[in-house]
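Accompanying notes for the structure given below.
Every number in this text was worked out from the coordinates using simple rules, so none of it is lab data. Note that the coordinates shown come from a computational prediction; the quantities given were computed from them, not determined experimentally. Backbone-built Cβ (ideal geometry, glycine too); neighbour counts: all protein chains shown.
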Amino acid sequence: MLRRSAAVLAAAALLAACAADPGVRSGTANSGGPTAPVDGTTTSPATPTTGSGQPGTTVPPPTTVVPGAHDGTGDRLFPQLGFTGIDVQHYDVTIDYHPDQQSIDGAVVADITATTALTEFWLDSVGLDISQVTVDGAPVAFQTQRGELVITLPAPVSAGTSFTTEVTYSGRPNAAASAVGIPNGWFHSPGGSYVLNEPDGARTWMPCNDHPSDKASFTFHLGVPAGMAAVANGELVSHDTEAAGERWTWDQAEPTATYLILLLTGQYEIAESQSSSGVPILSVALTQDADLLARYNELTARQIDFFEQYFGPYPLARYGVALTDSFGGLAMETQGRSMFSSEDIGGRFDYGENLLLGHELAHQWFGDAVTPADWGDIWLNESFATYGEWMWLEEAGLGTVDDSARNALANRPPGATGTPSVGEMFGYNSYDGGAAVVHALRRTIGDDAFFTLLRRWIGENNGTSRTTADFIALAQQVAGQDLTAFFDTWLFATRPPSSFP
Ligand SMILES: [Zn+2]
C-alpha cells in the first residue's frame, strides 16, 4: 500500500483514533487484558451428535479446544485478528451489491482444515448480520461477539480434519476507521464501490480468517444491477445476465491473503495485453478512463520486464492495474491487479505515477507472492516495495537509487524498522526508512548475493506467509556470513547508522 500524503497525517492521528474507536484492536489495547469467555462449550467438549459430523466414527476428544487465548492469532500488532486453529483452503464468495441501498447480501463458503483439535472455530466478522451458518451442509449454532463469529462444530474434530462451512449474511458495510486509524472496508463511490482491506477491512464485508498468515484461493460471484460490472482478483470466468441484474464470476487460484482482495463495482471496461515474457495483463478502468488502459498496459509490460531481471520471474499468474474512483493518494497492491485512484493515475506518466506504479508492481513479489506471517513483519512488504519503486524510478530516469537511499537515511525519524508499533506500521520507517535498511543490506553483502537473496526469497517461498526470521536465515545462508550484527544495527535499532556501509 502507498498513501503518499495521508501517511503522516494518519500516523499523527493514530492514537486518538484508536482510543476513540471501540472496534480498534491494537497491541496496546489488548495485551495483558482479560480475555472474554467464549461460551460454556469451550471447557466441556461437546459429545459427538448424530448431526452432520461423522456418523459411525469415533471422534477422539480434543486435547486443545482453542489454541492459546481465545482471541486471534497473537499477531504482534493485532493479536485478536485471525484464528490459528484453522487453515482456510478456499473461499467461494457470493455477494449481491445493491447500490441504491448501499447494502450487500452475501454467502461465504469456506473449505477449512483444522490445524488443532476443535469443538468450535472463529471467523472475523464485524458489523454483519449473520442469518445462518452450516458445517458440511447442516445448520450449526453460532454467536457473534467483539468482532468474531464463533461457530460451534456439530462434533469435535481432530487436527487435520477438513470441513466446509457456509455463512449467509447481509449488511450495510461502510468504510470506518481501521485498526491503524485510517478508514478501510467497503467504500461506496460515485460510480459504484471498491474495497480497501489492509490490514483488517475484509472482515467488515465478508466473514473470514482475516490474517495474512492464512492465505487461500478465492472464487467471487458478484451480482450487480443491470449495466454495471464487477471486478475481483484473478481470471474472469463468466459474465451472465440474470433477472436481477448481472453476475460476474472471477477466480483467483493462487493463495491470496484477505487484505489483498480486489472488489470493484461500477462502469468498468477491460483491456488485455501481455509482457514480453508472456505474463497476461488484464487491466480495468471506468468508462471515462478506458482509453488510457492501452498505454498503462504498455508501461506495465516494460516494468515487469525490468523487475524480472532483478527479482526473478513474475511470481503470479497475471497482472494489471485497476483505476477506480477512490480518494486520491491511495494505491494498493491488490493481488495480481493493483488498485489506484483515477485521480493519481490519469495519463500524466510523470514521477508520481511512475512511483506509484513501480511500488505496487514490486509488491506482487514482496507481499503478494510472499506475504508477511505477522503484521509486525510489514517491512517485508513496504521496505522492499519502496526499494523496487526506487529501482524503477532510476530505470525511468527519474532519480537514482543511491540518492533515494541517502535522502531516506537522512530523513529517518527514530524507530526500528523491524519492530514497528501499530502507529508506525504505515510510517516512514516501514517505507523509505526501511528501504534504506534494504540498501544497507545490499551494500553489506554485495549486489550478487543481494539479488540472489531476493530471487530465492520469492522462488522458494512463493504462495506462503513468512517471517523476518525466515528472511534473516536465508540472507545469512546466501551471503555465507553471520549477519546478526548487521540486522541488530540496521533493522532492530531505533537509531541505525547515519551512513551506509
Ligand atoms: Zn506499499
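For Gly423, the amide hydrogen comes within under 5 Å of no other amide hydrogen, counting only partners 5 or more places away or on other chains and with H modelled in the peptide plane.
Electrostatic tally near Ser277: other residues with Cβ closer than 10 Å to its Cβ, Lys and Arg +1, Asp and Glu -1, net -2.
Around the Cα centre of the chain, unit charges on the Cβ atoms of Lys, Arg, Asp and Glu (plus for the first two, minus for the last two) sum to a dipole of about 1020 debye. Relative protection proxy for 440-451, 325-336, from highest mean packing down: 325-336, 440-451 (other beta-carbon atoms within 10 angstrom). The calculated Kirkwood hydrodynamic radius for the stretch 95-136 is 13.0 Å, given to one decimal from all distinct C-alpha pairs. Other residues with beta-carbon under 10 Å from the beta-carbon of Gly320 carry, at +1 per Lys or Arg and -1 per Asp or Glu, a net charge of +1.
This model, with +1 at the C-beta of Lys and Arg and -1 at the C-beta of Asp and Glu, gives the stretch 335-378 a dipole about its Cα centre of some 140 debye. Each of Phe492, Phe306 was scored by other Cβ atoms within 10 Å of its Cβ. Arranged with the fewest first, they read Phe492, Phe306. Once fully extended, how much extra length lies between Ser162 and Asp402, figured as 0.36 nm per residue of separation less the alpha-carbon to alpha-carbon distance? Gain on stretching Ser162 to Asp402: 81.3 nm. The calculated 222 nm mean residue ellipticity attributable to helices in the chain amounts to -8000 deg cm²/dmol, summing -39500 (n - 2.57) over DSSP H runs of n ≥ 4 and dividing by all residues.
Relative contact order for the stretch 121-178: what percent, with Cα pairs under 8 Å and sequence separation of 6 or more?
Working: 86 pairs, mean separation 25.7, N = 58.
RCO, the stretch 121-178: 44 percent.
The residue among Pro173, Ala114, Thr400 whose Cα reaches farthest toward the positive pole of the charge dipole of the chain, with charges on the beta-carbon of Lys, Arg, Asp and Glu, is Thr400. Sorting 310-317, 484-491, 216-223 by average packing, meaning the other beta carbons within 10 Å per residue, from highest down gives 216-223, 310-317, 484-491.
Across all Cα pairs in the stretch 74-203, the calculated P(r) in 10 Å bins from zero up to the longest distance comes to 12, 41, 34, 12, 1 percent per bin.
Magnitude of the charge dipole for the stretch 393-501, about its Cα centre and with charges confined to Cβ atoms of Lys, Arg (+1) and Asp, Glu (-1), is about 180 debye. Note: relative contact order over the chain, using C-alpha pairs below 8 Å and six or more positions apart, is 12 percent. With 10 Å bins beginning at zero, the pair-distance distribution over Cα atoms of the chain amounts to 4, 20, 30, 26, 15, 5, 1 %. Judged by the mean number of other Cβ atoms found within 10 Å, the most tightly packed of the peptides 382-392, 135-145 leads the ranking 382-392, 135-145.
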